[in-house]
Every structure is written in structure tokens, then in C-alpha cells.
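Accompanying notes for the structure given below.
All of the numbers you see were taken from the coordinates with simple rules; none came from a lab. Everything numeric here is computed off the predicted structure, so don't read it as measured data. All Cβ positions, glycine included, derive from the backbone under ideal geometry; neighbour counts span all protein chains shown.
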Amino acid sequence: MMQIMKILNKGNAKTKKGEKFGYKTFGIHLAPSTLSGFNACLWASRACIQACLNTAGHGQRESVQIARIEKTKKFFQEETLFMEKLVEEITAAIKSAKKANLTPCFRLNLTSDIPWEAKKINGQTLFELFPQVSFYDYTKSFNRMKNFLSGKMPQNYHLTFSRSESNEALCELVAKLGGNIAVVFRNSLPEKYLGKKVIDGDKNDLRFLDPKNSIVGLIEKGKAKNDESGFVVCTL
Ligand code: SF4
């Protein structure tokens, strides 16, 4: 068996908020951007790399950072073994959530932007292997988002587009196509952005429950508080 630490975690402070709503989120923290020597965030912007929540919470510990880098290397170097272990862990996670009377859901890109729809194990994606389970992620890939909006993604995989300082034009396109967009704001949420209603994305992380056509407003956190690039939107 593959010598790696556990792949899935039981969520972070944000995903744990979903328990009040009856959901248990399990996720994967890979080392973002090129921290591992492999690029886990192909569509990252300069400012999002700076502001990435990778170093929030437990991520402040050096041992956690080392573990994430090791896990990411395994993913890129031994993908089949990684996927086999992930399937085992998802199976166990579903059981444990059900035991706690919670509905399991999975966010595979907590700190990455891997196109999981393209990853297969014995010819099947994770979404096909676990068709009754909800998966969700944020992405900065316009193509992934476009595929989601045109019904070309697995039915049980929900995507929210993620705004950065350099993709405003793509956000406008996504908004026109009716997709949800996560936007980081300074200090407070406006009522509307790009002509769409702003909902409070900090209440929980259950993005697949959000109404369509929404802007998912998030208040700046951690290093984003120092951002002056335009990654954080100031509407005052
Ligand atoms: S794309 Fe997301 S996970 Fe990757 S560096 Fe940017 S904020 Fe972090």
C-alpha cells in the first residue's frame, strides 16, 4: 500500500459550518500553485497565490505544510495509487458521516484546482464511482466552469467560478451564462455585484446549495487583508 498520510481531511473551520445544515464536508488539502514542484493550480493569479488560504488554520504549522507537499508529490508521481487510496477513504468517509446522521459531501480542491473530472480509476471518475454523493469545488478555469454550465460536467459535481484580480472579463462571461462567482470583498458585502445578488458565502461552504445566478461574497481573510492588487474588491 502506498506510503502516504491520509488524503482526506474532515474539513476545516469553514467546512465544519455545514454540519449545522446536516452536511459533513471532507476535503483534500494539496500544496497549492507550484509549492510541491508540481503545479496544482494551473489558473492561479499572482494575487491569489499570495492570499491563498493554504497557510490558514492548521496550515500555519510547518509539519502540515510538509505533509501537503508530500501528498501533492504523490498525487502527481503515483496517480493510480493515490486514486485507489482516495476511493478507499471516500468509502470510509461516507460510512462515518452516515453514522453521525450527516450527509457526506466532498470538496477535493480545498487548496488546488485539479480537474478531477479528467482523473479516472479503472476507467471511471470518482463522480461515476460515487453517483449518490455531492462533490463541489471552486475553480479559476473558465473552460471547466463553461463545461459545468453547459451540462458537460458530472451531474454530482458543482463548480463555482472564482474571481481574481486578472479574470474580471471572464467573470462577466460566467455571470452572463448564469454561473455563480465567488468574490472576495473588503470589510463588507455589497448587495449586488456584476448586476447579481450577493449572498453570504461565509455562512457555510456548501456551494452546491447556493441559488443559481449568485455572487458568493466572501470577506477578506488572512493575507488577503493586505491585498492591493484588485484581488479583493472594495466597493466603498
Ligand atoms: S487557485 Fe486557489 S488554491 Fe490555488 S493558489 Fe489560488 S487561491 Fe490558492
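Laid out as a table, the results:
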{"quantity": "Test: residue in region 184-207 that is surrounded by 16 or more Cβ atoms within 10 Å (Cβ to Cβ), within 18 Å of Ser45 (Cβ to Cβ), in contact with a helix residue (DSSP H, G or I) (Cβ under 8 Å, 6 or more places away or on another chain) and among the aliphatic types (A, V, I, L, M)", "calculated": "yes"}
{"quantity": "Residue in region 98-149 that is nearest to the ligand (Cβ to nearest atom), counting only those that are aliphatic (A, V, I, L, M) and surrounded by 22 or more Cβ atoms within 10 Å (Cβ to Cβ)", "calculated": "Leu110"}
{"quantity": "All strands (runs of 3 or more DSSP E) inside region 150-207 with 3 or more residues being within 16 Å of the ligand (Cβ to nearest atom)", "calculated": "157-162, 181-185"}
{"quantity": "Those helices (runs of 4 or more DSSP H) lying entirely in region 21-139 with at least 1 residues touching a residue at least 60 places away in the same chain (Cβ under 8 Å) and under 24 Å from Lys203 (Cα atoms)", "calculated": "46-51, 79-99"}
